[in-house]
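Structure, as structure tokens:
The values are calculated or read from the model by the stated rules, or taken from the named source; none is laboratory data. All figures in this text were calculated on a predicted structure; none of them were measured in a lab. Cβ coordinates were reconstructed from backbone atoms using ideal geometry, including for glycine residues, and neighbour counts include every protein chain displayed.
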Amino acid sequence: MFKRIFEWLIQPLGLIAVGIALLALFSLAAYGLYATQQPPEQPIQFPHQTHIAFGIQCLYCHPGAAKGPSAGIPSSAKCWACHNQIAKTQTSALLAPLKQAVESGAPIEWVPVAIVPDFVQFNHRAHVAAGQNCENCHGDMTKVTVAQNPQVFNMGWCLNCHVKSADDDQEKLVKLSDCGTCHY
Amino acid sequence: MVTLADLKISEVKLSEEHVGKWGMVIDQDICTGCQACVAACAMENNIPFVGEEDSGYGRSMHWIRIERFWEGEYPEVKMTPNQPMLCQQCGSAPCEPVCPAFATVHSQAEKLNLQVYNRCIGTRYCANNCPYQVRSFNWRDYERPEPLPNQLNPDVTVRRRGIMEKCTFCIQRILNAQDKAKAEGREIMDGEFTTACAQACPANAITFGRMDDPESLVSQLAKRSHGVKHLEELGTLPNVTYFKGG
């Protein structure tokens, strides 16, 4: 039985079949990898680049970054403060979900992009207070529409920068590489 | 066989010289055994409710428990004061060197025993080596029916099945308070924050704070002559002091 299959496989047609199967598997894997690197579908194609070009500060929309662990995503009320005075809001198809959300009072369900796993405790305040720019970790937002990650937030990435910023300060190095600083 | 006497107790560094960073004092004379600390700890630290059946197998999960002991022969039994037992945050912890995965390590920054949940593979060596028996193991993914998930503390990891856990001295509160103090450009103040168990205790039997600050309430209390550290003779350098019959 196995011998018959093997014999069929080593004839030219069989070899082609094997080749096609391998190619299909490979492209599936490649597509899978590619898909993990794509920003997810958002309810509104919110254009970061246009808003930042108007000179709106990151902290106006993400004020938590200076105060506490999480930066926060603006509520529709914050968008509406500007957008109810902008004529385009009434006509733009892109903004229809925002108009709908404000009228019905339902929240806009943004899909998280920049996240670390539950067992990691990240704190924006410490980083912003230490003079780290948003760009260092989130990339240049003036070039993107919806947010996407310029790198994976893995442990080596965190520790690399921590070791670098501690420099020769032994106490700081101990604190910033201590498991209890990030995992609890 | 090696006995305790052979171990030359005099060579073991006793706790008098050891000063940890964070410490706790528990006054057993005023503890009423009401279990408020046990409940508060479970709320603060996302400890699951194990249920009757698994508890029957000895799988109940607590980071702090109230121990009760009796003295004398029946019918003249007398109960000794309640003894809240939690991780003693040993300066030289027996649980640490036995972990094959380095998941329970000593925090050099906070001088606490850490349990890195994501590193833990559940061998349970640490629990077997803990002389205080204060570690608990997640035998299952225990159910949290609605609306219980709403009360989970976002600052504490929700543990999965197969992971060891134990009291952390509420490290999330420690780091939070330190972060707040740093944002305001000051040192952390004594009594500014406390652990969940100490906060909930209606009798104020639990005091928590900086051990290395001679002015703090805990370090003052810990110096009292009737303070006892449990199983100190094992050389564990515990950071919890108990008062009994003072």
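Go through (1) part of a loop (DSSP other than H, G, I, E, B); (2) away from chain A (no Cβ under 11 Å); (3) not basic (Lys, Arg) for B:Pro149 and report which single condition fails.
All conditions are met except number (1).
Using the structure shown, decide if B:Arg144 is crowded, with 19+ Cβ neighbours inside 10 Å, assigned to a loop (DSSP other than H, G, I, E, B) and at pLDDT below 95. Before the answer, list the steps.
Numbers: crowded, with 19+ Cβ neighbours inside 10 Å: no; assigned to a loop (DSSP other than H, G, I, E, B): yes; at pLDDT below 95: yes.
No; evaluated as a whole, the condition is false for this residue.
Taking the options B:Glu96, B:Glu110, name whichever one is surrounded by fewer than 18 Cβ atoms within 10 Å (Cβ to Cβ) and acidic (Asp, Glu).
Values: B:Glu110 fails: surrounded by fewer than 18 Cβ atoms within 10 Å (Cβ to Cβ).
Selected residue: B:Glu96, the only one of B:Glu96, B:Glu110 that is surrounded by fewer than 18 Cβ atoms within 10 Å (Cβ to Cβ) and acidic (Asp, Glu).
Which numbered condition trips up B:Val98, out of (1) in a helix (DSSP H, G or I); (2) free of Cβ contacts under 8 Å to residues at least 40 places away in the same chain; (3) not charged (D, E, K, R)?
With respect to (1) in a helix (DSSP H, G or I); (2) free of Cβ contacts under 8 Å to residues at least 40 places away in the same chain; (3) not charged (D, E, K, R), B:Val98 is out only on (1).
Of everything in the stretch A:163-180 that's out of contact with any strand residue (DSSP E or B) (no Cβ under 9 Å at 6 or more places or on another chain), of a type outside the set (Val, Ile, Thr) and closer than 22 Å to B:Thr104 by Cα, which residue is nearest to the other protein chains (Cβ to nearest Cβ)?
Restricting attention to the stretch A:163-180, the residues satisfying the condition of being out of contact with any strand residue (DSSP E or B) (no Cβ under 9 Å at 6 or more places or on another chain) are A:163-177.
Now drop any that are not of a type outside the set (Val, Ile, Thr), which leaves A:164-173, A:175-177.
Among the residues that remain, those that are also closer than 22 Å to B:Thr104 by Cα are: A:171-173, A:175-177.
Working: A:Glu171: 8, A:Lys172: 10, A:Leu173: 10, A:Lys175: 4, A:Leu176: 9, A:Ser177: 9 Å.
Among them, the one singled out is A:Lys175.
Just give me the residues in the stretch A:123-148 being in a loop (DSSP other than H, G, I, E, B) and farther than 23 Å from A:Ile44 by Cβ, in sequence order. Reasoning before the result, please.
Narrowing the stretch A:123-148 to residues in a loop (DSSP other than H, G, I, E, B): A:123, A:130-133, A:139-140, A:144-148.
The answer is A:Asn123, A:Ala130, A:Gly131, A:Gln132, A:Asn133.
Evaluate the following for A:Cys158: is it touching a helix residue (DSSP H, G or I) at 6+ places or on another chain (Cβ under 9 Å), within 12 Å of another protein chain (Cβ to nearest Cβ) and closer than 24 Å to B:Arg160 by Cβ? Walk me through how you get there before you give the answer.
Numbers: touching a helix residue (DSSP H, G or I) at 6+ places or on another chain (Cβ under 9 Å): yes; within 12 Å of another protein chain (Cβ to nearest Cβ): no; closer than 24 Å to B:Arg160 by Cβ: yes.
It is false that A:Cys158 is touching a helix residue (DSSP H, G or I) at 6+ places or on another chain (Cβ under 9 Å), within 12 Å of another protein chain (Cβ to nearest Cβ) and closer than 24 Å to B:Arg160 by Cβ.
What are the residues in the stretch B:122-139 that are assigned to a loop (DSSP other than H, G, I, E, B), under 15 Å from the mean Cα position of the chain (by Cα) and crowded, with 18+ Cβ neighbours inside 10 Å, if any?
So the first thing to find is which residues in the stretch B:122-139 are assigned to a loop (DSSP other than H, G, I, E, B), and the list is B:122-124, B:130-135, B:138-139.
Still in the running and under 15 Å from the mean Cα position of the chain (by Cα): B:130-135.
Within the stretch B:122-139, B:Cys130, B:Tyr132, B:Val134, B:Arg135 meet the criteria.
Looking at A:Leu98 and the list (1) part of a helix (DSSP H, G or I); (2) hydrophobic (A, V, I, L, M, F, W, C); (3) away from chain B (no Cβ under 13 Å); (4) free of Cβ contacts under 8 Å to residues at least 12 places away in the same chain, which single condition is not satisfied?
(4)
Could you list all residues from the stretch A:101-121 that are β-branched (Val, Ile, Thr) and within 14 Å of another protein chain (Cβ to nearest Cβ)? Before the answer, list the steps.
Step one: of the stretch A:101-121, the residues β-branched (Val, Ile, Thr) are A:102, A:108, A:111, A:113, A:115-116, A:120.
Result: A:Ile115, A:Val116, A:Val120.
Being within 14 Å of chain B (Cβ to nearest Cβ) and in contact with a Pro (Cβ under 8 Å, 6 or more places away or on another chain) narrows it down to one of A:His124, A:His183, so name that one.
Values: A:His183 fails: in contact with a Pro (Cβ under 8 Å, 6 or more places away or on another chain).
Just one listed residue meets the conditions, A:His124.
Give me the pairs: first residue in the stretch B:55-71 and surrounded by 13 or more Cβ atoms within 10 Å (Cβ to Cβ), second residue among the small types (Gly, Ala, Ser), beta-carbon distance under 6 Å, and six or more apart or on different chains, which are they?
Final answer for the pair search is B:Met61/B:Ser136; B:Ile66/B:Gly33.
Could you check, for the stretch A:70-88, whether at least one of its residues is part of a loop (DSSP other than H, G, I, E, B), of a type in the set (Ser, Thr, Tyr) and in contact with a Gly (Cβ under 6 Å, 6 or more places away or on another chain)? If you could, list the steps in order and put the result at the bottom.
To start, the set of residues in the stretch A:70-88 that are part of a loop (DSSP other than H, G, I, E, B) comprises A:70-75, A:84-87.
Then keep just the ones that are of a type in the set (Ser, Thr, Tyr); that gives A:70, A:75.
Add one more test, that the residue is in contact with a Gly (Cβ under 6 Å, 6 or more places away or on another chain), and what stays is A:70.
Checking the stretch A:70-88: at least one residue is part of a loop (DSSP other than H, G, I, E, B), of a type in the set (Ser, Thr, Tyr) and in contact with a Gly (Cβ under 6 Å, 6 or more places away or on another chain).
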